[in-house]
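K.L.:
Handing you a structure now.
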Amino acid sequence: MAGCVIGIDIGSASSKGVVFCDQKILGSYVIPSGGNYKLTADKVREELLSRTGLSLRDIVYTVATGYSAKAVTFADDLRTDISCHSKGAFYCFPSARTVVDVGDLHSKVFRIDDKGGQLKFLLSGKCAGGSARVLKVIARVLQLKVEELGALSLKSRKRVDFNTGCAVFAESEAVGRIAEGVAKEDLLAGIHRALAAQLYSLAERVGIKEDFALVGGGARDAGLIKAMEEITNLDIFVPAEPHLTAALGAAIIAEEISNA
Amino acid sequence: MNEKNSDIFSRIESYYSDYGQRAKELKNEGKKIIGYVCSFIPLEIITAAGCVPFRMRGDIHEPITKGNINLETIACPFYRSCFDLSVKGRYDFLDGSIVAHACDSMARTYAVWKYTLDLPYSHFVNLPHTLSKSSMEFFNEELNTFRKSLGGFAGKEISDDDLAEAIGLYNENRDKVKALYELRKPDPPIISGTELTKILTVGASLPVAEANQLFDEVLEELGKRKESPLKKVRRIMIDGACVDNIELVKLIEDLGGNVVIDTLCNGTRDNLPHTDIGGDPVSALADRYLNKINCPRTYRENKEQDLHKDLESRFGDIGFYAREFKADGAILYVYKYCDPFGFEVPARKAYFDSIKLPLLYLEDEYSAGTIGQLKTRIQAFLEMLG
């Protein structure tokens, strides 16, 4: 084995790590980011090594990315999550030309070429409008786990029209709808629709070219995927573990650098 | 760094950080200081009247508070910051202020400025929005009205000779700015974007003769730089309105790009066009300000009825500068609620696409607090340029 590499993504909500050897994922690990990013980063690496049975000597290069990439003091290099998501998505779907990342802090859209090179990107604004944060907010209001939202949303028969994808306004709007006696699944379908509309509008601004991939933690939500399919009228490609895309991309970049 | 070098650059640093210190001294010597915000104020007329034009700046480190009482957030944050600082007394040394009908934020809030600040002199320059013959005639008259009005305040009839002399001084000034820009053409450039932004910002706070003197000293000092202190990295252009705080430019340069050219108000838009000499000075000024300053607030009619030619006639200067200064990528930087640029963003994007210059579009507030948000985007853009 020529040596393995690590990609670590310290996100605002959760931290992810991927061990990559010979263009294949050997192992991965996810934990909540918590308040001490440095400790989190150390823990991710430790856990990756123990899960893959590798030792530090086997790791030839590490690239860190994400909101708090700088906390990864053992990283050999840093990259923005924008570059990493493009790489990761392209690895999963070489046919992808438009990639939308639904993160907790921001959502982002990228256009990539047939070699995975980045052509354009756009981030959502500084407020949480259009980010996955709204899903957490609604889960709290409905006293559900965020993992439960998707399946419940798919059961909706009478979607509520939501005016906003803003996490703050959505909360007060949701509380009002609950008071009116709206069913949870219809409310969720409305939230998913509003979030999908924001993501779609973001994607339209850089120009959509097929295939269309959805990545990031928010892409684990089946309700959001369905809403995206409906609003774009396209097949939406979602990796098996969409939250790992940036860490995977960081690992791919690490391997490119170590092979260069 | 020798004695004189540190002297000129520390003077610039001091004028930049204590903005307006020279204007205060001049005020104490009995000069009349006239504040303005936008590139469309004919500075030659102010100088010819014996007054000192002073470009008011905003401050991205000062949260807008008192200013918001009289200007709602629909006014652009740059202009509100300038107003906020004025209300808080930052520009108490002003004897007057002049506002042009450049954008809606300016035109619709003129009365707010006039009655809130209550300066001894204020004037509204009614600037037409098209380049038709009637617009030029109208603006000519409007400039003559301003000339009489300011002359009345200054106690001096402004003669054609006074105007011609002031025009000469400003044309000289623009030659010197051009010479400073030339230093950005080598790769790596001799002068950083951060340095140049400071120099030009400071220049706009001084009487033109003093600015000319200052630029001469800077040019002499920079002439001694045998080697560039900068690295050979990606060459970035900035397009947008007025970027009078160095933080954005500095951020790009700290992240590993060289800012080598701009199409900004306080950059090439304002500082490079000359005024024609030899003819009627007022007509020449009318032509210089209305026609030669290429700002989206002016409607430039497209006679060809063809999108590509339309883009070329409106934004050709962007392509020209991008080629001249060999830009690798451009950042279109627009303030929220800026009506002239806001409406034009898609057309500008289309133009950048047509000249195949990679573009990062940033919409920002006028606040140091957003620097972190910009950082990720700029970093990713530089990674994308490779």
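K.L.:
In chain B, with Lys and Arg counted as +1 and Asp and Glu as -1 at Cβ, which of these residues, B:Pro188, B:Thr47, B:Leu150, has the Cα nearest the positive end of the dipole, that is, farthest along it?
P.N.:
Of the options given, the answer is B:Pro188.
K.L.:
Here's a follow-up. Projected onto the charge dipole of the protein assembly as shown (+1 at Lys/Arg Cβ, -1 at Asp/Glu Cβ, origin at the Cα centre), which of A:Cys92, B:Tyr361, B:Pro128 gives the Cα projection farthest towards the positive end?
P.N.:
Value: A:Cys92.
K.L.:
Just to be sure I understand the model, the point goes 7 Å from the Cα along the line to the Cβ. What's the resulting A:Lys155 to B:Asp18 distance in nm?
P.N.:
Taking the two extended label points, one gets 7.1 nm.
K.L.:
I want to check the label-to-label distance for A:Thr73 and B:Asn144. Put each point 7 Å from Cα in the C-beta direction and report it in nm to one decimal.
P.N.:
Here the answer is 7.5 nm between the modelled labels.
K.L.:
Let me have the relative contact order for segment A:95-238, percent, based on Cα pairs under 8 Å that are six or more residues apart.
P.N.:
So the answer I get is 32 percent.
K.L.:
For chain B, calculate the relative contact order in percent as a whole number, restricting contacts to Cα pairs under 8 Å that are 6 or more residues apart.
P.N.:
Result for chain B is 19 percent.
K.L.:
If you don't mind, another one. Need the full-extension length gain, B:Ser132 to B:Glu29, defined as separation in residues times 0.36 nm minus the C-alpha distance. One decimal, nm. Present the calculation step by step, with values, prior to reporting the outcome.
P.N.:
On the way: separation 103, 0.36 × 103 = 37.08 nm, distance 4.32 nm.
Taking B:Ser132 through B:Glu29 to full extension adds about 32.8 nm, to one decimal.
K.L.:
Add +1 for every Lys or Arg and -1 for every Asp or Glu among the other residues with Cβ under 10 Å from the Cβ of A:Ala13, and state the total.
P.N.:
Around A:Ala13, the charge tally is +1.
K.L.:
Do you know the relative contact order of chain A, to the nearest whole percent, from alpha carbon pairs under 8 angstrom that are 6+ apart?
P.N.:
That works out to 25 percent.
K.L.:
Within the set A:Lys115/B:Lys226; A:Lys16/A:Lys158; B:Lys27/B:Lys292; B:Lys31/B:Lys176; A:Lys120/B:Lys336; B:Lys24/B:Lys185, which residue pairs have Cα atoms separated by over 30 Å?
P.N.:
A:Lys115/B:Lys226; A:Lys16/A:Lys158; B:Lys27/B:Lys292; B:Lys24/B:Lys185
K.L.:
Length gain on complete extension for the stretch B:Glu227 to B:Asp276, per 0.36 nm per residue less the alpha carbon to alpha carbon distance?
P.N.:
Roughly 14.0 nm would be gained on extension.
K.L.:
Now for a different question. Provide the percentage of antiparallel DSSP beta bridges, counting only those with both residues in the protein assembly as shown; round to the nearest 5. Working shown, then result.
P.N.:
Numbers: 25 of 69 bridges.
Beta bridges within the protein assembly as shown, antiparallel portion: roughly 35 percent.
K.L.:
Still on this structure, I have one more. Once you compute Rg and the Kirkwood Rh from C-alpha atoms, what is the Rg to Rh ratio for chain B?
P.N.:
0.94
K.L.:
I've got another one for you. For segment A:41-170, build the charge dipole from Cβ charges (+1 Lys, Arg; -1 Asp, Glu) around the Cα centre, then report which of A:Gly53, A:Gln118, A:Val72 sits farthest towards its positive end.
P.N.:
In segment A:41-170, that residue is A:Gln118.
K.L.:
While we're here: Simple spin-label model, 7 Å along Cα-to-Cβ: A:Glu230 to B:Glu72 in nm?
P.N.:
Spacing of the two 7 Å Cα→Cβ label points: 3.5 nm.
K.L.:
What residues from segment B:126-164 fall in the zone where the backbone N is under 12 Å from a label point 7 Å along the Cα-to-C-beta line of B:Ser313?
P.N.:
Within reach of a label on B:Ser313: B:131-132.
K.L.:
Show me the ranking of peptides B:78-85, B:121-128, B:347-354 by mean Cβ neighbours inside 10 Å, starting with the highest.
P.N.:
Listed from highest to lowest mean packing, they are B:78-85, B:121-128, B:347-354.
K.L.:
May I ask you to evaluate 6.51 cos²θ - 1.76 cosθ + 1.60, the Karplus curve with θ = phi - 60°, for each residue of segment B:207-216 and list the ³J(HN,Hα) values in order in whole Hz, giving x for glycine and proline?
P.N.:
x, 4, 5, 6, 5, 4, 4, 4, 5, 4
K.L.:
How about segment A:166-250: which GluC sites (Glu not before Pro) there are in a DSSP loop, with at most 15 other Cβ atoms within 10 Å of their Cβ?
P.N.:
A:Glu180, A:Glu210
K.L.:
In addition: To the nearest 20 debye, what charge dipole does chain B have about its Cα centre, counting +1 at the Cβ of each Lys and Arg and -1 at the Cβ of each Asp and Glu?
P.N.:
Roughly 680 debye, rounded to the nearest 20.
K.L.:
Give the long-range amide H neighbours of A:Phe237: residues separated by 5 or more places, or on another chain, with amide H under 5 Å away, using H modelled in the peptide plane at 1.01 Å from N.
P.N.:
Sorted by chain and number, the residues that satisfy this are A:Phe212, A:Ala213, A:Leu214.
K.L.:
DSSP loop trypsin sites (Lys or Arg not before Pro) in segment A:130-222 with at most 10 other Cβ atoms within 10 Å of their Cβ, which ones?
P.N.:
Qualifying residues, ordered by number: A:Lys145, A:Arg157, A:Lys158.
Every number here is computed from the coordinates shown, using simple stated rules; none is lab data. On a predicted model such as this, the values are computed, not experimentally measured, just so you know. Don't worry about glycine lacking a Cβ; one is built from the backbone with ideal geometry, like all the others, and counts go over all protein chains shown.
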